[in-house]
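Undergrad: One structure is given below, represented as C-alpha cells, and several questions about it will come after.
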Amino acid sequence: MSEQHHPHQQRQPAPLFAEGGSRFYDQDQDDSFPQGGGRPSRGGKPAGRRKKSKKSKGTDILYNIAIGIFALIFLVCAGLLGKRFLDDRAMESEMADLHALISEPSDQGTTGGEGDTVETNAQKFARLVELNPDFVGWISIEGTNVDFPVMQSAVENRDFYLRHNFQGEYDDYGVPYLDADCVLAGEGASNNLVIYGHHMKSGTMFGSLTNYKQASYYEEHPTIEFDTLYGDGTYEVFAAFPIDIVNDPFPYNTYQNMDEETFNTFVDEVKRRSSVDSGITPVYGDQLLTLSTCEYSVGNGRFVVCARKVD
C-alpha cells in the first residue's frame, strides 16, 4: 500500500548540502566553485598553495632594495638639513655676540669743546680690533639678515675669509671681507669699496642680496650701512644685477681706484645691467660701495649690488 501524504503535511525544503556535506550551495551559479569540497580557486581549478615564481621573488628583492635606498637618502638629507639649521643658528649667535662688543656712545669717548661726548669709531670698535686686527668695519641692511663684521686680509692671502670665520678658524660660511686692493682712508682711498660675502642656500650671509632683483625689495631696503674704523657711512642703492663672470666681459670688481672717465664707465655699465631703476646716477667724487655674492641661475653667476655714499 502506497504511502499517502497528509493534506496538511508541508513538504520540507531540500537541504543546502546533500548528505555527506560534499556539495556547496552555489547561489550565483559560479562554476569556479569546487564541487568536491575545499576552497574555491580561480578558473575553476582546485585551490592550492601557489609557489612564487623566481621572477616574483626577484621583483620583491629589487623593491626592498629601492625602499632601502630611498630611506637612506631621506635620512641623509634630513641630517644635512638639520646640520645646516644648527650651523645657521650657531652663526647667528656668533654674530650677535660680536655685535654686542660694539661700544655704545655712553661707554667711552672724549669730551668735545662744548662738553658733548664725541666717540671715535676706533673706540667704538676697539674690542673687535683687539680680538682680530683684520676687522675693518660693520655692514648692515635694516630689515634683512645682513648684519656682519667686515674683514680685510693681506694681498697674498686675499680670500682668506671666504672660508674662515671672525676668529680665523676654518668655516664654510666665512665672513664678509673687503677686497685686498681697497684702501679705506687717506690720500689713496678707493672711490669704490668692494665687499664679498657667501650666498648660503639657506639665505644667510649675503644670500638675501639676490632679492634686489625685485623692485619692491629695493623700495623696502634702499640703503646700506657700512661703518668703518674711520667713520660711519650710509649708502643708497642705485643698481643691482646678476652677471655671468665667464661670458660677460665686464670685470665689475676691478673698478676700485678710478679716474673720472673710468668712474663714469663703471656707473654706465652697472646701471645698464641693473634689475631695478633707482633713478640715481652717481657723479665723480661720490664714494661707492659694491657688494658681491654668488648667484645660482647660471654656473658662474654673481649678484652685484652697487650703492653711493650719502653725505
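Undergrad: Take the alpha carbon gyration tensor of the range 209-311, find the square roots of its eigenvalues, order them as a ≥ b ≥ c, and report rounded if a/c is under 1.5; if not, report prolate when a/b exceeds b/c, else oblate. List each step's numbers first, then the result.
TA: On the way: a/c = 1.57, a/b = 1.20, b/c = 1.31.
Here the range 209-311 falls in the oblate category.
Undergrad: In the structure displayed, which of 124/271; 124/201; 124/309 lie more than 31 Å apart, Cα to Cα?
TA: Working: 124/271 35 Å; 124/201 33 Å; 124/309 21 Å.
Pairs exceeding 31 Å: 124/271; 124/201.
Readers should treat all values here as calculations from the given coordinates under stated rules, not as data from a laboratory. Computed from a predicted model, the values in this text were never measured in an experiment.
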